[in-house]
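Below you'll find the structure, written out as C-alpha coordinates, and then a few comments.
The values are calculated or read from the model by the stated rules, or taken from the named source; none is laboratory data. All figures in this text were calculated on a predicted structure; none of them were measured in a lab. With ideal geometry, Cβ positions are generated from the backbone for all residues, glycine too; neighbour counts draw on all protein chains shown. For accessibility, only protein heavy atoms count, side chains too; no ligands or nucleic acids. Shrake-Rupley method; radii C 1.70, N 1.55, O 1.52, S 1.80 Å.
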Amino acid sequence: MIPQFVSNDHRNGKKVLSTIEDELKNCDSFCISVAFITIGGITPLLMTLKELERKGIKGRILTTNYLNFSEPAAMKKIHELKNIQLIMFDVKASEGFHTKGYIFRKDDLYRIIIGSSNMTRTALTTNHEWNTRFVSTENGEMAKQIIDEFEAFWTSEHTSDYNDFIETYETQYIA
(Lines give C-alpha, C1' and ligand atoms only; values in the text may rest on other atoms or scores of the structure.)
Protein backbone atom coordinates (compact mmCIF):
# COMPACT_ATOMS: atom_id res chain seq x y z
CA MET A 1 0.00 0.00 0.00
CA ILE A 2 1.40 3.37 -0.98
CA PRO A 3 1.31 6.22 1.57
CA GLN A 4 -2.02 8.04 1.65
CA PHE A 5 -3.01 11.60 2.45
CA VAL A 6 -5.57 11.71 5.28
CA SER A 7 -7.52 14.91 5.80
CA ASN A 8 -10.94 16.32 6.54
CA ASP A 9 -13.03 17.19 3.51
CA HIS A 10 -16.65 17.52 4.59
CA ARG A 11 -17.81 18.24 1.03
CA ASN A 12 -16.66 14.77 0.00
CA GLY A 13 -17.52 13.05 3.27
CA LYS A 14 -13.89 12.50 4.35
CA LYS A 15 -12.89 12.74 7.99
CA VAL A 16 -9.70 11.90 9.82
CA LEU A 17 -12.02 10.40 12.46
CA SER A 18 -13.34 7.79 10.00
CA THR A 19 -9.83 6.68 9.09
CA ILE A 20 -8.86 6.32 12.76
CA GLU A 21 -12.07 4.40 13.52
CA ASP A 22 -11.43 2.02 10.60
CA GLU A 23 -7.90 1.35 11.80
CA LEU A 24 -9.06 0.80 15.39
CA LYS A 25 -11.69 -1.70 14.23
CA ASN A 26 -9.04 -3.75 12.41
CA CYS A 27 -6.09 -3.73 14.81
CA ASP A 28 -4.69 -6.15 17.39
CA SER A 29 -3.25 -3.30 19.49
CA PHE A 30 -2.71 0.44 19.20
CA CYS A 31 -0.60 3.32 20.48
CA ILE A 32 -1.62 6.97 20.23
CA SER A 33 0.55 9.98 20.97
CA VAL A 34 -1.20 13.35 20.91
CA ALA A 35 -0.52 16.65 22.62
CA PHE A 36 -4.21 17.40 23.17
CA ILE A 37 -7.25 15.31 24.10
CA THR A 38 -10.72 16.81 24.50
CA ILE A 39 -14.13 15.37 25.28
CA GLY A 40 -15.23 16.37 21.76
CA GLY A 41 -12.39 14.28 20.33
CA ILE A 42 -12.87 11.19 22.48
CA THR A 43 -16.70 11.04 22.43
CA PRO A 44 -17.09 9.96 18.78
CA LEU A 45 -14.50 7.22 19.37
CA LEU A 46 -16.04 5.84 22.57
CA MET A 47 -18.26 3.20 20.95
CA THR A 48 -15.31 1.84 19.00
CA LEU A 49 -13.02 1.97 22.04
CA LYS A 50 -15.63 0.16 24.16
CA GLU A 51 -15.90 -2.53 21.49
CA LEU A 52 -12.11 -2.95 21.63
CA GLU A 53 -12.38 -3.23 25.42
CA ARG A 54 -14.94 -6.04 25.02
CA LYS A 55 -12.58 -7.81 22.61
CA GLY A 56 -9.58 -7.36 24.93
CA ILE A 57 -7.61 -5.31 22.41
CA LYS A 58 -5.03 -3.29 24.31
CA GLY A 59 -4.11 0.31 23.70
CA ARG A 60 -1.73 2.90 25.07
CA ILE A 61 -2.34 6.64 24.88
CA LEU A 62 0.35 9.21 25.57
CA THR A 63 -0.57 12.86 26.04
CA THR A 64 0.95 15.95 27.64
CA ASN A 65 0.29 18.83 29.96
CA TYR A 66 1.42 21.27 27.27
CA LEU A 67 -0.60 24.49 27.70
CA ASN A 68 -2.84 22.52 30.15
CA PHE A 69 -5.13 22.04 27.14
CA SER A 70 -6.19 18.40 27.47
CA GLU A 71 -9.49 18.09 29.28
CA PRO A 72 -9.55 16.06 32.52
CA ALA A 73 -13.07 14.80 31.66
CA ALA A 74 -11.77 13.35 28.38
CA MET A 75 -8.86 11.66 30.11
CA LYS A 76 -11.23 10.22 32.72
CA LYS A 77 -13.33 8.63 29.93
CA ILE A 78 -10.20 6.99 28.55
CA HIS A 79 -9.06 5.85 31.99
CA GLU A 80 -12.42 4.15 32.58
CA LEU A 81 -11.64 1.77 29.71
CA LYS A 82 -9.84 -1.22 31.21
CA ASN A 83 -7.92 -2.05 28.04
CA ILE A 84 -6.25 1.36 27.66
CA GLN A 85 -3.35 2.73 29.65
CA LEU A 86 -3.10 6.54 29.67
CA ILE A 87 0.03 8.42 30.65
CA MET A 88 1.05 12.07 30.56
CA PHE A 89 4.39 13.56 29.56
CA ASP A 90 5.33 16.56 31.71
CA VAL A 91 6.65 19.32 29.45
CA LYS A 92 7.31 21.49 32.49
CA ALA A 93 10.02 19.05 33.59
CA SER A 94 11.48 18.48 30.13
CA GLU A 95 11.51 19.68 26.54
CA GLY A 96 8.34 20.34 24.53
CA PHE A 97 5.96 17.70 23.27
CA HIS A 98 3.54 18.25 20.41
CA THR A 99 3.28 14.88 18.68
CA LYS A 100 0.30 13.60 16.74
CA GLY A 101 0.62 9.97 15.81
CA TYR A 102 -1.62 6.92 15.67
CA ILE A 103 -0.02 3.48 15.49
CA PHE A 104 -2.13 0.40 14.78
CA ARG A 105 -0.69 -3.11 14.82
CA LYS A 106 -2.31 -6.08 13.10
CA ASP A 107 -0.28 -9.31 13.05
CA ASP A 108 3.18 -8.26 11.85
CA LEU A 109 2.10 -5.04 10.11
CA TYR A 110 1.88 -1.50 11.40
CA ARG A 111 -0.52 1.04 9.94
CA ILE A 112 0.64 4.47 11.07
CA ILE A 113 -0.95 7.90 10.74
CA ILE A 114 1.38 10.82 11.41
CA GLY A 115 0.48 14.46 10.94
CA SER A 116 -1.32 17.36 12.49
CA SER A 117 -4.41 15.81 14.09
CA ASN A 118 -4.77 15.94 17.86
CA MET A 119 -7.61 14.07 19.54
CA THR A 120 -10.05 17.00 19.40
CA ARG A 121 -13.42 17.22 17.66
CA THR A 122 -12.32 19.82 15.12
CA ALA A 123 -9.00 18.10 14.35
CA LEU A 124 -10.77 14.80 13.68
CA THR A 125 -13.75 16.17 11.74
CA THR A 126 -13.54 19.70 10.29
CA ASN A 127 -10.16 21.43 10.55
CA HIS A 128 -7.78 21.44 7.63
CA GLU A 129 -5.43 18.72 8.86
CA TRP A 130 -2.60 17.08 6.96
CA ASN A 131 -1.72 13.51 7.84
CA THR A 132 0.08 10.66 6.12
CA ARG A 133 -0.93 7.03 6.54
CA PHE A 134 1.48 4.29 5.64
CA VAL A 135 1.89 0.56 6.20
CA SER A 136 5.11 -1.11 7.30
CA THR A 137 6.57 -4.10 9.04
CA GLU A 138 8.21 -3.39 12.39
CA ASN A 139 11.56 -3.52 10.56
CA GLY A 140 10.65 -0.70 8.19
CA GLU A 141 12.95 2.24 8.86
CA MET A 142 10.30 4.92 9.39
CA ALA A 143 8.00 2.67 11.44
CA LYS A 144 10.94 1.62 13.61
CA GLN A 145 11.91 5.25 14.27
CA ILE A 146 8.34 6.21 15.19
CA ILE A 147 7.83 3.18 17.44
CA ASP A 148 11.22 3.71 19.12
CA GLU A 149 10.39 7.36 19.80
CA PHE A 150 6.97 6.43 21.19
CA GLU A 151 8.62 3.90 23.51
CA ALA A 152 11.22 6.46 24.61
CA PHE A 153 8.49 8.92 25.57
CA TRP A 154 6.40 6.14 27.14
CA THR A 155 9.26 5.07 29.43
CA SER A 156 10.62 8.57 30.07
CA GLU A 157 11.24 9.69 33.62
CA HIS A 158 8.96 12.63 32.72
CA THR A 159 5.84 10.52 32.18
CA SER A 160 3.27 9.63 34.82
CA ASP A 161 0.39 7.18 34.89
CA TYR A 162 -3.15 8.60 35.06
CA ASN A 163 -3.56 7.89 38.78
CA ASP A 164 -0.29 9.70 39.50
CA PHE A 165 -0.94 12.86 37.46
CA ILE A 166 -4.69 13.51 37.36
CA GLU A 167 -5.16 15.25 40.72
CA THR A 168 -2.31 17.72 40.12
CA TYR A 169 -3.31 18.21 36.49
CA GLU A 170 -6.96 18.97 37.37
CA THR A 171 -5.72 21.76 39.64
CA GLN A 172 -3.53 23.17 36.86
CA TYR A 173 -6.34 22.83 34.31
CA ILE A 174 -8.83 24.77 36.45
CA ALA A 175 -6.32 27.55 37.19
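Against the globular-protein guess of 2.2 N^0.38 Å, express the Cα radius of gyration of the chain as a ratio, rounded to two decimals.
0.98
If you find the alpha carbon centre of segment 11-32 and of segment 116-175, how far apart are they in angstrom?
Result: 15 Å between the Cα centres.
What percentages make up the Cα-Cα pair-distance distribution of segment 55-96 when the bins are 5 Å wide from 0?
6, 21, 28, 20, 14, 8, 3, 1
Given H placed 1.01 Å from N in the peptide plane, which residues other than close sequence neighbours of residue 29 have an amide H under 5 Å from its amide H?
The list, which skips near neighbours in sequence, is 105.
Quick check on segment 24-150: of the DSSP beta bridges with both residues there, what percent are antiparallel, nearest 5%?
So the antiparallel bridges in segment 24-150 amount to around 60 percent.
I'd like the accessible area for residue 75: 1.4 Å probe, protein heavy atoms, all chains in place, Å² to the nearest 10.
0 Å²
Quick check: net charge around residue 71, other residues with Cβ under 13 Å of its Cβ, Lys/Arg +1 and Asp/Glu -1? Before the final figure, lay out the partial values.
On the way: positive: 76, 77, 121; negative: 170.
Within the 13 Å Cβ shell, the charges total +2.
With a sphere of radius 12 Å drawn around the Cβ of residue 51, what net charge do the other residues whose Cβ falls strictly inside it have (Lys, Arg +1; Asp, Glu -1)?
Local charge sum for residue 51: +2.
What is the sum of charges around residue 9, taking Lys and Arg as +1, Asp and Glu as -1, for the other residues whose C-beta is under 12 Å from the C-beta of residue 9?
Working: positive: 11, 14, 15; negative: 129.
Charge balance in the 12 Å sphere: +2.
In terms of solvent-accessible area of protein heavy atoms at a 1.4 angstrom probe, what is the ranking of 28, 161, 108, highest value first?
Order by accessible area, largest first: 108, 28, 161.
At 1.4 Å probe size, with no ligands or nucleic acids counted, give the accessible surface of residue 97 in Å², nearest ten.
Surface open to solvent at residue 97 totals about 10 Å².
Lysines within cross-link reach of residue 58: Cα-Cα under 22 Å, excluding same-chain residues under 8 positions apart?
25, 50, 76, 77, 82, 100, 106, 144
Keeping all protein chains in place, calculate the accessible area per residue for the chain (probe 1.4 angstrom), answer in Å².
53 Å²
With runs of 4+ DSSP H residues as the only contributors, calculate the mean residue ellipticity of the chain at 222 nm using -39,500 (n - 2.57) per run, divided by the residue total and rounded to the nearest 500. Before the final figure, lay out each step's value.
On the way: 7 runs with 64 residues, N = 175.
Calculated mean residue ellipticity at 222 nm is -10500 deg cm²/dmol.
At q = 0.30 Å⁻¹, what base-10 log of I(q)/I(0) does the Debye formula yield for segment 107-172 when every alpha carbon is treated as an equal point scatterer in vacuo?
-1.12
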